[in-house]
């Protein structure tokens, strides 16, 4: 069987392995540096694996599976990769060269002047709206921006979670992803598409033309998507991947569910600890709204808000995550 029969190529299997590792690392809230420290690898090794510069090894797969408690998900991707290598050897087809990944153009640099998330829940479906003020402090135009969507229905039970998404994968149709910039719709392009993990390039262009973010300029972008609570759940995490000046999160739930909200913060140098300030609560139009914000968050920090519905305790096991 070869790629034409539906089996992945070596390069596709390697990308799937990298995406699986990235997904479980994000779900567990581990910075790359912390993961490699626990695994005993060189500090740059996880970055190289996730970007495709290093190919998977059995030792890496075994240690990552154990530390991330991935419910055999990482091991399955490793076996897929080994199977793809065996097929390639049997058919004597040389692998196609992989170009090193460069997320943004050389000479570009992005600062997030403002990062705002609004999550609205109607009792069965979540709708997330993200607004970001981006500033180009580099010397080259920026033509695309990377976002991530990652879900984990049962974070304490990875095998159950993996099985759930194999049967009920997160789909583009249900996400209904939209994005705008300067009042213009933005095209988007899937970079990685897994059952519970998506990476997407938002492009500064549409059918009517291009509108790059030039050096010295700043612009608001907004994107939104929807997910049912059978695939999302009851936690929301913001990971600071770019220098950020201000970050805020707003959660809106039906007031009759009697929601309770709390949060934790994780940094490169510290385990999860309670947020330094409590979310602020207000009631409006039948909704209970919780707001939380911080200025100049540390790079690679993760801020996680969790909740439960005291009027619907039977559904407290549901969990999820989005970027």
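Picking from residues in region 3-23 that are out of contact with any strand residue (DSSP E or B) (no Cβ under 9 Å at 6 or more places or on another chain) and modelled with pLDDT of 80 or more, the one that is nearest to residue 78 (Cα to Cα) is 17. Quick one: would you say residue 179 is buried (at least 20 other Cβ atoms within 10 Å of the Cβ), under 30 Å from residue 285 (Cα atoms) and in contact with a strand residue (DSSP E or B) (Cβ under 6 Å, 6 or more places away or on another chain)? Answer is yes for this residue. Against the condition touching a strand residue (DSSP E or B) at 6+ places or on another chain (Cβ under 9 Å), under 29 Å from residue 288 (Cβ atoms) and at pLDDT below 95, how does residue 193 come out, does it pass? Taking the combined requirement at face value, the residue does not satisfy it. It is to be established whether one or more residues within region 103-121 are farther than 30 Å from residue 223 by Cα and either surrounded by fewer than 19 Cβ atoms within 10 Å (Cβ to Cβ) or modelled with pLDDT of 80 or more (or both). Scanning region 103-121 turns up no residue that is farther than 30 Å from residue 223 by Cα and either surrounded by fewer than 19 Cβ atoms within 10 Å (Cβ to Cβ) or modelled with pLDDT of 80 or more (or both).
When the test is whether a residue is without any contact (Cβ under 8 Å) to a residue 24 or more places away in the chain and either over 20 Å from residue 205 (Cβ atoms) or not assigned by TED's automatic domain parsing to the domain that holds residue 201 (or both), residue 157 does not pass it. With respect to the conditions (1) modelled with pLDDT under 90; (2) surrounded by fewer than 18 Cβ atoms within 10 Å (Cβ to Cβ); (3) assigned to a loop (DSSP other than H, G, I, E, B), residue 140 lacks only one, and its number is (1). Scanning region 261-280 for residues that are exposed (fewer than 14 other Cβ atoms within 10 Å of the Cβ) and more than 21 Å from residue 298 (Cβ to Cβ) yields a single hit, 280.
Evaluate region 214-232: report whether one residue or more is at pLDDT below 95, buried (at least 20 other Cβ atoms within 10 Å of the Cβ) and within 15 Å of the chain's Cα centre (by Cα). There is at least one residue in region 214-232 that is at pLDDT below 95, buried (at least 20 other Cβ atoms within 10 Å of the Cβ) and within 15 Å of the chain's Cα centre (by Cα).
The values are calculated or read from the model by the stated rules, or taken from the named source; none is laboratory data. Remember, it's a predicted structure, so these values are computed and weren't measured experimentally. Cβ sites come from the backbone with ideal geometry, for glycine too, and all protein chains shown count toward neighbours.
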